Ligand code: FEO
C-alpha cells in the first residue's frame, strides 16, 4: 500500500524507509534505518526529484503511481546518481516513454556507466544557473560537485523557495511518521545521526560544502528537502550553522575526546585516569573504546570535539588494529584543525604513539601536545605526574571558553561594510592593547596579533602600527599597502591569540575557524567576534628598524562594533593567558611568558624554542 506525505500544496514525498539495512554503503551501521527521499511536484508538468534505493523500489512504485494517478511523469530531475537515489531510474524510463531526464553532463555519463539502455533522446542537459519552468514553478539548477559525488547538483524552486538539496542536510535514520524536523526534538534525538551522516558521507569535502553554502546563501530559502532524513521548514539556521561549522572543520564542543584501544585494560586505565583529571578541572570529556564503538561514530565525534587524545597499545610492532583503522579513517575524512595528545603502550617495544603521530602529520593544522605518554604494560605511580602534565597541557590549551560563556553573549556579529565610513569615536577604542592585524595579497588572507596601534594625527586621520618583520602579514602590508585592524575585547578567549599569534600564515590558514567572511570595503578580512572596533587603513609611509617596521597609514574606514571594553596588555596577562597548574613534583624549570608552556630542566638552552607558541628562550622565565 502506498505511503505518501504531503510537503506543500503540490509537492509530495513519495520516498520510502529501510529499517532492515545492516550497513549503509556497506560500511556504516544504521541502527535506526534510513530514508530514501523522493519528491513529486504536481505542477502543469509533473516533476520527480530523484528516486530511491533498490531495497525500497516496490513501495516507491506504489507511491509514485498513486500520487500521479492518471497523469504521466514529464520530468525526472536526477540530482545524484548514487544508486541509493537512482535505482528506479530505468523503471521510470520504461514506464513513461515521454519522460525527460533533467541532469548535467556528468550525470549523463554516469547513467551510461550504470545502464546500457540508450537514453540519449531522453536527456535534457542543464548547467549552472539554468532554469526550467514547469508551470507555476521555476526550477534553478546549482552544481554541487563532491557533495557527495562529482555529478551532484541541487535545485531551487523559486516559486515556493524550496531547496532540493540532494545529500546535503541529510541524516541517517528512517522517518517514523513525522516528515518535518520541527515535528521532533531534532537536537536531542537526531543531531548526532545528522553529524555522523555528514562526517562520514561528505566530511572529506568541506571546501565543496562551503562552496555550496555560499551559492545557496544567495537564495531566500523557506524549505530544505534533502535526499535522506527530515524536511526543514523552520529554524533552518540550526542545520545551516552546523554545516558551516562542520565544513570548516571548526569544533562544536571545546573539550577532550579520548579514543582508546586496549587489549587487557591497561591502556584504558591510563585513558580513564586522564579523563578523571580533566573532568576534575571542569573540562568536558568523552571516551570511546575503538574496538567496540563503530568507527563512523568516532569519526563524527572527532568532527565535534576540539581536543582529541588517542591512546593505543602496540600490536605487531604497529598501532592496534582498530585504532589504526580509525586513524586511517580520520585521515581520509580530512580530520584537521584539532589539538591532539597521544598515549602509547607496549610491553617490550612501544611504537604505536610515534606511528599515530606520523599518520596524523598528514592532516592539516593539527597541534600536537608535546610528548607522547609511553606506558610499559601498565601505568606506574610515578607516571601519574605525566598524566597530570598531559591534563594540564590540554587544559592550558583549552582556552577556558566555558568560563567566558557569559562574555560571549557580549560579542558583536556586525560586519563592517562598504557603506561604513569613518566613525571617529572608534579611535577611543585604541589603548596599549591587543589587535588582530589583517592583510590580503591576491587570494591569500592573513592576520597576526600586534600590540601597538596609535593615533598620530586627526586631520588627516592617521595611525601608526609596528609589525614584526618575521610575520607574513608584515610582508603582505609592505607589498599591498593596506590592512585592517580589529580591536580585541576583554572577552577574547585565548584561542584567538593562539590562532593568530602562535602559528605562521605561511603554513596555516588563520581564518580556518571562521565561518563568516567579514571584510572591509578594501576586501581585507577582519574579526566580528570579540572585537569592539574595526579600522581599514592605507599605508602612506614606512620606517624600518632592526626587527620591526612602522607603518604610517591613513584611516579609510572606522566602525564601532560593540561597547565591550578593549583588552589591554595587562588584562591579557592577568585574565586571559592560561596559568597551568604545575604538575605536583615539578622542581625546576622555565615557563613561557607568552603561552604558559613549562619546560622542566635545570638550564634552558639559548636556542630553545617553545613547542607551543614558537617564541624563543628570551620569553621564558624560571619557575
Ligand atoms: Fe545518499 Fe551520496 O547518496
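Computed from the coordinates by the stated procedures, all read-outs in this text should not be read as laboratory data. Only a predicted model underlies this, so the values are computations on that prediction, with no experimental measurement involved. Glycine gets a Cβ as well: all are built from the backbone with ideal geometry, and neighbour counts include every protein chain shown.
Across the range 131-230, the convex hull enclosing all Cα atoms gives 107 Å³ per residue.
Normalising by the residue count of the chain, find the relative contact order in percent from Cα pairs under 8 Å and 6+ residues apart. Relative contact order here is 8 percent. Among DSSP bridges having both ends in the range 64-215, what percentage is antiparallel? Round to the nearest 5. Antiparallel bridges: around 65 percent, rounded to the nearest 5. What the pair-distance distribution of the range 271-353 shows, using all Cα-Cα distances binned every 10 Å from zero, is 17, 49, 30, 4 percent.
Packing, as the average of other Cβ atoms within 10 Å across residues, places the peptides 358-368, 254-264 in the order 254-264, 358-368, highest first.
In the chain, the longest principal axis of the Cα atoms and the axis of helix 384-397 are about 70 degrees apart.
Seen against the Cα atoms of the chain and their longest principal axis, helix 236-247 is set at about 60 degrees. For the chain, adding -39500 (n - 2.57) for each run of n ≥ 4 DSSP H residues and dividing by the number of residues yields -7000 deg cm²/dmol at 222 nm. Taking the DSSP beta bridges with both ends in the chain, the antiparallel portion is around 65 percent. Please label the shape of the chain as rounded, prolate or oblate, based on the square roots a ≥ b ≥ c of the eigenvalues of the alpha-carbon gyration tensor (a/c under 1.5 means rounded; beyond that, a/b larger than b/c means prolate, else oblate). Oblate, since a/c reaches 1.5 and b/c is not below a/b. Descending by average beta-carbon neighbour count within 10 Å, the peptides 534-542, 113-121 line up as 534-542, 113-121, the highest first. In the range 224-291, inverting the average of 1/r over every pair of distinct C-alpha atoms gives 14.9 Å as the Kirkwood radius.
Pairing the Cα long axis of helix 321-332 with the longest principal axis of the chain, what angle in degrees results, from 0 to 90 and rounded to the nearest 10? Between helix and principal axis, roughly 80 degrees. For the pair the range 42-61 and the range 106-130, the centres of their Cα atoms are 18 angstrom apart. Take the Cα of residue 570, step 7 Å toward its Cβ, do the same at residue 22, and the gap between the two points is 6.9 nm.
Packing around the peptides 307-314, 456-463, taken as the average count of other Cβ atoms within 10 Å per residue, puts them in this order, highest first: 307-314, 456-463. In percent, rounded to a whole number, the relative contact order of the range 211-356 is 24, using alpha-carbon pairs under 8 Å and six or more apart.
Please compute, over every Cα-Cα pair in the range 419-495, the percentage with a separation greater than 20 angstrom. The proportion of pairs with Cα distances above 20 Å equals 36 percent. Short-range pairs are left out: with C-alpha atoms under 8 Å and at least six residues apart, the relative contact order of the range 285-384 is 28 percent. Rounded, prolate or oblate for the range 1-121? Axes are the square roots of the Cα gyration tensor eigenvalues, ordered a ≥ b ≥ c, and the cut-off for rounded is a/c under 1.5. It is oblate, given that a/c is not under 1.5 and a/b is not larger than b/c.
Over all directions, the projected convex hull of the C-alpha atoms in the range 209-253 averages 3.6 nm² in area.
Answer rounded, prolate or oblate for the range 494-560, using the Cα gyration tensor with square roots of eigenvalues a ≥ b ≥ c: rounded when a/c is under 1.5, else prolate when a/b is larger than b/c, else oblate. Cα axes put the range 494-560 in the oblate bin.
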